[in-house]
Amino acid sequence: MNQTNPLLSNFDLPPYSKIKAEHVEPAVDTLLDTNRQAINTLLEQTPPVLTWENTVLALDEIGEKLGRAWSPVSHLNAVMNNVALRTAYEACLPKLSEYSTEIGQNKQLFERYKALQNSPIEKNFSIAQQTILKHTLRDFHLSGIDLPPEQQQRYGEIQTLLSELNSKFSNHVLDATQAWTKHVTDEQVLKGVPDDAKSQMAKAAQAKNLTGWLISLEFPCYYAVITYADDRNLREEIYQAYCTRASNQGPIANQFDNGPVMEEILSLRHELAKLLGFKNYAELSLADKMAETPSQVLSFLNDLATRSKPFAEQDLKELKQFAAEQGINTIQSWDISYFSEKLREARYSVSDEALRVYFPINKVLSGLFTIVKALYDIEISECYDFDTWHPNVRLFEIKEQGNTIGHFFFDLYARPHKRGGAWMDGVRDRYKNSQQQIVTPVANLVCNFMPATDGKPALLTHDEVTTLFHEFGHGLHHMLTRIEYSGASGINGVPWDAVELPSQFMENWCWQEESLALISGHYETGEPLPKDLLQKMLAAKNFQAGFMMIRQLEFSLFDFELHTHYDENQSVEQVLADVRKRVSVIIPPSYNRFANSFSHIFAGGYAAGYYSYKWAELLSADAFSRFEEEGIMNPQTGRLFRETILAKGGSEEPMDLFIEFRGRKPMIEPLLRHSGFLQEINK
């Protein structure tokens, strides 16, 4: 079987192009059987002395074989989705969930870890090893190790159902996004839409053997229309299609409705939390996070909302006044982006499209790599001979003092059958194997930018540049670790509300004159971003910062209250409406079904954890303030950040690591200052 199934081969980088749907389930079945036998053998052979190598490392290496095979399958399902692969992927989910539950409820395994923690050699373990043991034993308890058999069985059933429902939710969003298009033959309808976006729409039409332009709900297309189209009816039409995806509303109502899926997910999560002795799922979620109690999180979010709302109200007042001057007296949700961009242009004489020509992808990447070289003393170079899943994918190698320490794939452009959004996922973790060899980490970095068109390179908006830096921050966290144990290597073991610190931290270099000079240059002439345009862009940095802050707080509070105050008689829409009433300054139309495509909390890892973005933003703003004090390209400060935050992964408590870098606990003032809420600081 190893000869014909690439997932069972001992590959270095995944053989993406060779993986077929028919390989998936047989490979997973084989690996699960092999792993079960290996674990049984390990537990039957009781060694005279328990060691790290014959317990933790042995289990890690068993798990690594399965992870190495499943990672590329899961990735392909997200970026090259098709019916056959989706079917194979979903057939494996219950099997993997069952296996995971078996491991988490294996009493012999639990007792072995506990015995290792209590053994005399434990005092000689490193902090990383001690942390891994502590977290592993905690995770056994969170997997139901203490439950009676019938409740353990129910735990397993719930986890399997949740795994399947998360996938179903994600599929519905993808399918609903693909299901709606609008064919346009009159170019006048697209007046105001940038030429690059129109070119992509023309290509989409040609691919369907149509004349004219084909508008889709893929984000670059949606963004271009909702932000720039002068035709208000067109903006309303695409807004309605986009914000009703996967719901019982809008132009494709009920085809892929996630309403029942969300209700079932929430019910099962609540049942799971109660089963494990928690009052609600929010409590369960915080069991492995920095934040300690739901009230602490809610207090943090509500305090930030109280501080931010006056700024959001001022933003809305200015926008309404501007729209009224343009003849629109009642501003609607589909007008917000359009008039916001027009107001930004009027106030600062700068637009996303004017800036886009200064951010060609290769210049941005070159500058990004120069910045991280200065900060972290690493070299990044492109690889050209590798197996890939799509022609646009690129592979890069990271070296330190001449030695390869990691690789990462870039899949940067939107296309059909690719999940929306941007993310980083690990292909392989760094660890020292039983042969005493360091296995180097590999990451996938995924975005959904507009691809190259009409002989031009891919040109990014400044927001997209920020997204790229954000995801690269996650990648650096994964790849620059120095931990040699997979349980705390990279982002493994990092509490979810601290994992966004390195990613949001990297965004800061998109706003500094010194670093902007490195990442910008006109795509035709190479000329740097003109001084006047640069100053206008920096002046506009906090344009509508109140809007943006309140929007994220709305999402965070909705998520957390949904999981803290679960009530089967209260709908998801009612919870969201209540949060909006208290926090938001813009109330969308009644048909808006944002929650139905909120994949972060219903198909990702952010359930009762979306607050992590704001929590970590406070940490990242304060961490960056040290660079503001000592120089944003200061190599000593950069090395310190690497050695205290990036290198240590999940080996120590994140608050301890932050204090080690900053010399004190975090403060909120840098976040308020970076957001432009200066009045708050002076109060």
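Given the conditions (1) surrounded by fewer than 17 Cβ atoms within 10 Å (Cβ to Cβ); (2) touching a residue at least 40 places away in the same chain (Cβ under 8 Å), report the number of the one that residue 125 does not fulfil.
(1)
Look at the range 20-59 and say how many of its residues are under 30 Å from residue 81 (Cβ atoms) and part of a loop (DSSP other than H, G, I, E, B).
1
Would you check if there is a residue in the range 316-333 being touching a residue at least 24 places away in the same chain (Cβ under 8 Å), in contact with a Ser or Thr (Cβ under 7 Å, 6 or more places away or on another chain) and of a type in the set (Ser, Thr, Tyr)?
The answer is no, given that none of the residues of the range 316-333 is touching a residue at least 24 places away in the same chain (Cβ under 8 Å), in contact with a Ser or Thr (Cβ under 7 Å, 6 or more places away or on another chain) and of a type in the set (Ser, Thr, Tyr).
Being more than 28 Å from residue 359 (Cα to Cα), touching a residue at least 24 places away in the same chain (Cβ under 8 Å), hydrophobic (A, V, I, L, M, F, W, C) and surrounded by 20 or more Cβ atoms within 10 Å (Cβ to Cβ) narrows it down to one of 224, 197, 229, 241, so name that one. Give the derivation first.
Values: 224 fails: more than 28 Å from residue 359 (Cα to Cα); 197 fails: more than 28 Å from residue 359 (Cα to Cα); 229 fails: more than 28 Å from residue 359 (Cα to Cα).
The conditions single out 241.
Which of the residues spanning the range 600-633 are of a type in the set (Gly, Ala, Ser), part of a helix (DSSP H, G or I) and farther than 30 Å from residue 74 by Cβ?
Here is the first cut: in the range 600-633, the ones of a type in the set (Gly, Ala, Ser) are 603-605, 607-609, 612, 616, 620-621, 623, 625, 631.
Subset that is part of a helix (DSSP H, G or I): 612, 616, 620-621, 623, 625.
Within the range 600-633, 621, 623, 625 meet the criteria.
Yes or no: residue 282 touching a residue at least 40 places away in the same chain (Cβ under 8 Å) and outside any helix (DSSP H, G or I)? Outline the logic, then answer.
Working: touching a residue at least 40 places away in the same chain (Cβ under 8 Å): yes; outside any helix (DSSP H, G or I): no.
When the stated conditions are applied, residue 282 does not pass them.
For the range 75-91, name all the residues that are surrounded by fewer than 15 Cβ atoms within 10 Å (Cβ to Cβ), part of a helix (DSSP H, G or I) and either over 25 Å from the mean Cα position of the chain (by Cα) or in contact (Cβ under 8 Å) with a residue 60 or more places away in the chain (or both).
Initially, the range 75-91 is screened for residues surrounded by fewer than 15 Cβ atoms within 10 Å (Cβ to Cβ), giving 82-84, 87, 91.
When the remaining residues are screened for being part of a helix (DSSP H, G or I), the result is 83-84, 87, 91.
If the condition is that a residue be surrounded by fewer than 15 Cβ atoms within 10 Å (Cβ to Cβ), part of a helix (DSSP H, G or I) and either over 25 Å from the mean Cα position of the chain (by Cα) or in contact (Cβ under 8 Å) with a residue 60 or more places away in the chain (or both), then 84, 87, 91 are the ones that fit.
Within the range 456-467, does at least one residue satisfy the condition of being touching a helix residue (DSSP H, G or I) at 6+ places or on another chain (Cβ under 6 Å), assigned to a helix (DSSP H, G or I) and either surrounded by fewer than 19 Cβ atoms within 10 Å (Cβ to Cβ) or among the acidic types (Asp, Glu) (or both)?
yes
If you take the residues in the range 587-618 that are within 25 Å of residue 334 (Cα to Cα), small (Gly, Ala, Ser) and more than 13 Å from the chain's Cα centre (by Cα), which one is surrounded by the fewest Cβ atoms within 10 Å (Cβ to Cβ)?
Checked the range 587-618; the qualifying residue surrounded by the fewest Cβ atoms within 10 Å (Cβ to Cβ) is 590.
From the list 632, 659, exactly one residue is crowded, with 18+ Cβ neighbours inside 10 Å, among the aliphatic types (A, V, I, L, M) and modelled with pLDDT of 95 or more. Which is it?
632
Go through the range 271-301 and count every residue that is closer than 24 Å to residue 157 by Cβ, surrounded by fewer than 20 Cβ atoms within 10 Å (Cβ to Cβ) and not basic (Lys, Arg).
Residues flagged as closer than 24 Å to residue 157 by Cβ, surrounded by fewer than 20 Cβ atoms within 10 Å (Cβ to Cβ) and not basic (Lys, Arg) within the range 271-301 amount to 9.
Determine whether the range 634-648 contains at least one residue that is part of a loop (DSSP other than H, G, I, E, B) and under 25 Å from the mean Cα position of the chain (by Cα). Let's see the steps before the verdict.
Step one: of the range 634-648, the residues part of a loop (DSSP other than H, G, I, E, B) are 634, 647-648.
Narrowing the set further to residues that are under 25 Å from the mean Cα position of the chain (by Cα) leaves 647-648.
Yes - at least one qualifying residue is present in the range 634-648.
Restricting attention to the range 156-172, and to residues there that are closer than 16 Å to residue 88 by Cβ and not charged (D, E, K, R), which single residue is nearest to the chain's Cα centre (by Cα)? Quick ask: steps written out before the conclusion?
Keep residues of the range 156-172 that are closer than 16 Å to residue 88 by Cβ, which gives 163-164, 167-168, 170-171.
Then drop every residue that is not not charged (D, E, K, R), which leaves 163, 167, 170-171.
Details: 163: 18, 167: 16, 170: 14, 171: 17 Å.
Restricting to residues being closer than 16 Å to residue 88 by Cβ and not charged (D, E, K, R), the top hit is 170.
Here are the criteria: (1) among the aromatic types (Phe, Trp, Tyr); (2) in contact with a Ser or Thr (Cβ under 6 Å, 6 or more places away or on another chain); (3) under 24 Å from residue 515 (Cβ atoms). Tell me which single one residue 449 does not satisfy.
Among (1) among the aromatic types (Phe, Trp, Tyr); (2) in contact with a Ser or Thr (Cβ under 6 Å, 6 or more places away or on another chain); (3) under 24 Å from residue 515 (Cβ atoms), residue 449 violates only (2).
Taking the conditions exactly as written (in a helix (DSSP H, G or I), closer than 30 Å to residue 150 by Cβ, in contact with an Asp or Glu (Cβ under 9 Å, 6 or more places away or on another chain) and of a type in the set (Gly, Ala, Ser)), does residue 71 satisfy them or not? Walk me through it before giving the result.
Details: in a helix (DSSP H, G or I): yes; closer than 30 Å to residue 150 by Cβ: no; in contact with an Asp or Glu (Cβ under 9 Å, 6 or more places away or on another chain): yes; of a type in the set (Gly, Ala, Ser): yes.
No; evaluated as a whole, the condition is false for this residue.
Please specify each residue of the range 26-62 satisfying the condition of being in contact (Cβ under 8 Å) with a residue 60 or more places away in the chain, surrounded by fewer than 19 Cβ atoms within 10 Å (Cβ to Cβ) and hydroxyl-bearing (Ser, Thr, Tyr).
Listed by number, the list holds a single entry, 51.
Taking the condition in a helix (DSSP H, G or I), in the same structural domain as residue 308 (by TED's automatic domain parsing), touching a helix residue (DSSP H, G or I) at 6+ places or on another chain (Cβ under 8 Å) and modelled with pLDDT of 95 or more, does residue 515 pass?
no
Would you check which residues across the range 517-541 are among the polar types (S, T, N, Q) and surrounded by 15 or more Cβ atoms within 10 Å (Cβ to Cβ) and list them? First the steps, then the outcome.
First pass over the range 517-541, keeping only residues among the polar types (S, T, N, Q): 520, 525, 535.
Within the range 517-541, 520 is the sole residue that qualifies.
Condition check: within 30 Å of residue 442 (Cα to Cα), of a type in the set (Phe, Trp, Tyr) and either touching a strand residue (DSSP E or B) at 6+ places or on another chain (Cβ under 8 Å) or not in a loop (DSSP other than H, G, I, E, B) (or both). Does residue 505 satisfy that?
Details: within 30 Å of residue 442 (Cα to Cα): yes; of a type in the set (Phe, Trp, Tyr): yes; either touching a strand residue (DSSP E or B) at 6+ places or on another chain (Cβ under 8 Å) or not in a loop (DSSP other than H, G, I, E, B) (or both): yes.
Considered against the rule, which asks whether it is within 30 Å of residue 442 (Cα to Cα), of a type in the set (Phe, Trp, Tyr) and either touching a strand residue (DSSP E or B) at 6+ places or on another chain (Cβ under 8 Å) or not in a loop (DSSP other than H, G, I, E, B) (or both), residue 505 comes out as yes.
Do we find a residue being polar (S, T, N, Q), in the same structural domain as residue 59 (by TED's automatic domain parsing), within 32 Å of the chain's Cα centre (by Cα) and farther than 23 Å from residue 34 by Cα anywhere in the range 112-127? Spell out how you get there, then give the answer.
Looking only at the range 112-127, we keep the residues that are polar (S, T, N, Q), and these are 117-119, 124, 126.
Now drop any that are not in the same structural domain as residue 59 (by TED's automatic domain parsing), which leaves 117-119, 124, 126.
Filter once more, so that each one left must be within 32 Å of the chain's Cα centre (by Cα): 126.
The next check asks that each one be farther than 23 Å from residue 34 by Cα; those that pass are 126.
Within the range 112-127, one or more residues are polar (S, T, N, Q), in the same structural domain as residue 59 (by TED's automatic domain parsing), within 32 Å of the chain's Cα centre (by Cα) and farther than 23 Å from residue 34 by Cα.
Could you give me the residue pairs with C-beta distances under 9 Å whose first residue belongs to the range 371-389 and is outside the structural domain of residue 408 (by TED's automatic domain parsing), whose second residue is in a helix (DSSP H, G or I) and small (Gly, Ala, Ser) wherever it lies, and which are 6+ apart or on separate chains?
Within 9 Å, no pair qualifies.
Out of 222, 228, which single residue is more than 25 Å from the chain's Cα centre (by Cα) and of a type in the set (Ser, Thr, Tyr)? Steps first, answer last, please.
Values: 222 fails: more than 25 Å from the chain's Cα centre (by Cα).
The unique qualifying residue is 228.
The values are calculated or read from the model by the stated rules, or taken from the named source; none is laboratory data. In this text, all values refer to a predicted model and were calculated from it rather than measured experimentally. Note: ideal-geometry Cβ built from the backbone for every residue, glycine included; neighbour counts use all protein chains shown.
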